[in-house]
Amino acid sequence: MSLAGAGGDGMKFVEREAWGAPSSSPATYLPSARGVKIHYLGSPYTSRKHSLCDDYVRAVRADHLANVKENYVDIAYSALVCEHGYVFEGRGLHRQTGANGNQDLNRKDYAVCALLGSSGFTKPTDAMLNGLRDAIDWFRTHGDAGTWVGGHRDGYPTSCPGDPLYAWVKRGAPRPDGGKDDDGGTAEEKYTVKAGDTLIGIARRLNVGWNELAKVNGMKPPYTLYVGQEVRVPHTSGGPRTAPPYPGREAFVLGRRHPAVTELDRQLVRLGFTRHHDGNGYQPGPLFTEYTRRNVSDLQRSRPELASDPDGYPGPLTWELAHTLS
Ligand SMILES: [Zn+2]
Ligand SMILES: [Zn+2]
């Protein structure tokens, strides 16, 4: 999914809030930069499914916040790019990085980190190179970055970003040959519908926008699916999570059934708010039970904006957050 203000139509962008960081970075304002420095993780890393990439980015942020020596206020990088070509917003536009080695270097360039290891997964994929290029272009177009591009090791004693990635940087960080992920329109997966699936449920599981999924498959409400149906999954999806329209308070009445309760339950399960159940585990279903209400209440208590009234009955904001939180 492309985003207003993103580097190009093909950029697969994951906003801070979509991966679980506060919406804006508290880091120092940066009016402009010489350019962009490329980094890697510098630790062992293994190739993984994209659904696990946001977990990893969250872990990097937690690791940085716990770093007493550096006293980081936020994840250190300006952006991070996974092997699938997604650009995770780090400190973002016009924020000083903490990753370049010292304050002078931090003021000089943005810092973009490839989720690439010093062992394990060490060679960038074409999708990753395209994502890195998207990030560079984004900082140039919207963050007043100049045209300089280099590696962390330029002007600082480190092996970062590793030899394979540094070789690409020294060639000027070009789009890889073929660039099949460049416009995102060609790479595509298929998903086979199983019993109990809903369009929105599939979208959640695959981390794609449900409205885009509907569009790509030419579906219109009420989005009827049949078991065994092949659904096209666009690679360009994966932007910020979106919530379907709020079904109204009348959908959530104790002892009553409503399809929206099943949908709500799927989000509770996705987010892990399932400790109240009848002894057989918490399962999605249309009946709004006391267990549902208590699990919703747990969700509400976990969020400052909802915690003042954790009654367990979803209002519009609870509904929205249940879908958009990671
Ligand atoms: Zn580095
Ligand atoms: Zn990924």
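The values are calculated or read from the model by the stated rules, or taken from the named source; none is laboratory data. Predicted model only: the values in this text are computed from it and were never measured. So basically every Cβ, Gly included, is an ideal-geometry build from the backbone, and we count neighbours across all protein chains shown. Keep in mind that these areas ignore ligands, DNA and RNA; they rest on the heavy atoms of the full protein, side chains included. Shrake-Rupley method; radii C 1.70, N 1.55, O 1.52, S 1.80 Å.
Each part reduced to its alpha carbon centroid, the stretch 111-139 and the stretch 202-234 end up 29 Å apart. With the convex hull of its Cα atoms as the shape, the chain has an orientation-averaged projected area of 18.1 nm². Round to a whole number: what % of the accessible area of the chain belongs to carbon and sulfur, probe 1.4 Å? Heavy-atom surface of the chain belonging to carbon and sulfur, 1.4 Å probe: 50 percent. Counting Lys and Arg as +1 and Asp and Glu as -1 over every other residue whose Cβ lies under 11 Å from the Cβ of I75, the net charge comes to +2.
Tell me which aspartates and glutamates have Cα within less than 14 Å of K170's Cα, excluding those fewer than 8 residues away on the same chain? Hits, sequence-local ones excluded: D154.
A Förster radius of 30 Å combined with the Cβ-Cβ distance from Y226 to Q283 puts the calculated FRET efficiency at roughly 0.85.
Less than 5 angstrom separates the built amide H of G151 from those of I38, all sequence-distant by 5 or more or on a different chain.
Placing unit charges on each Cβ (+1 for Lys and Arg, -1 for Asp and Glu) gives the stretch 85-232 a dipole about its Cα centre, and among P124, N106, I200 the Cα reaching farthest toward its positive end belongs to I200. The residues of the stretch 12-170 expose, per residue, 40 Å² of accessible area to a 1.4 Å probe. Can you tell me the alpha carbon radius of gyration of the stretch 188-234 divided by the globular rule-of-thumb value 2.2 N^0.38 Å? That works out to 0.98 for the stretch 188-234. With contacts taken as Cα pairs under 8 Å and at least 6 residues apart, the stretch 12-170 reaches a relative contact order of 33 percent. Excluding same-chain residues fewer than 8 positions from K220, which lysines have a Cα within less than 21 Å of its Cα? Within reach: K190, K194.
When only the Cβ of Lys, Arg, Asp and Glu is charged (+1, +1, -1, -1), the dipole of the stretch 188-234 relative to its Cα centre reaches about 100 debye. Every cysteine in the chain with no other Cys Cβ under 4.7 Å from its Cβ, please list them in numeric order. So far as the 4.7 Å Cβ criterion goes, C113, C160 stand without a partner in the chain. Checked against a 20 Å cut-off, the cross-linked pairs K12/K49; K49/K123; K37/K69 give Cα-Cα distances beyond that limit for K37/K69.
Take each peptide in 89-97, 55-63, 208-216, count the other Cβ atoms within 10 Å of every residue, and average; sorted highest first, the result is 89-97, 208-216, 55-63. Per residue, the accessible area of the stretch 198-283 comes to 53 Å², computed with a 1.4 Å probe over protein heavy atoms only. Rounded to the nearest Hz, the phi-derived 3J(HN,Hα) couplings of the stretch 145-157 under the Karplus curve 6.51 cos²θ - 1.76 cosθ + 1.60 (θ = phi - 60°) are 8, x, 8, 5, 9, x, x, 3, 5, 5, x, 8, x, where x marks glycine and proline.
About its Cα centre, the stretch 1-154 has a charge dipole of approximately 280 debye under the convention of +1 per Lys or Arg Cβ and -1 per Asp or Glu Cβ, with nothing else charged.
Residues considered: T192, T125, T262. Largest GNM mean-square fluctuation over the chain, using C-alpha springs under 10 Å, is found at T192.
With contributions of -39500 (n - 2.57) from each DSSP H run of at least four residues, the per-residue ellipticity at 222 nm computed over the chain stands at -8500 deg cm²/dmol.
For the stretch 189-195, putting each phi into the Karplus relation 6.51 cos²θ - 1.76 cosθ + 1.60 with θ = phi - 60° gives couplings of 10, 10, 10, 9, 5, 10, 4 Hz, in residue order, rounded to whole numbers and with x for Gly and Pro.
Under a model in which nothing but the beta-carbon of Lys, Arg (+1) and Asp, Glu (-1) is charged, the chain shows a dipole of about 220 debye around its Cα centre.
Remark on T122: its backbone amide H falls under 5 Å from those of G117, a criterion applied only to residues 5 or more positions apart or on other chains, H modelled at 1.01 Å from N.
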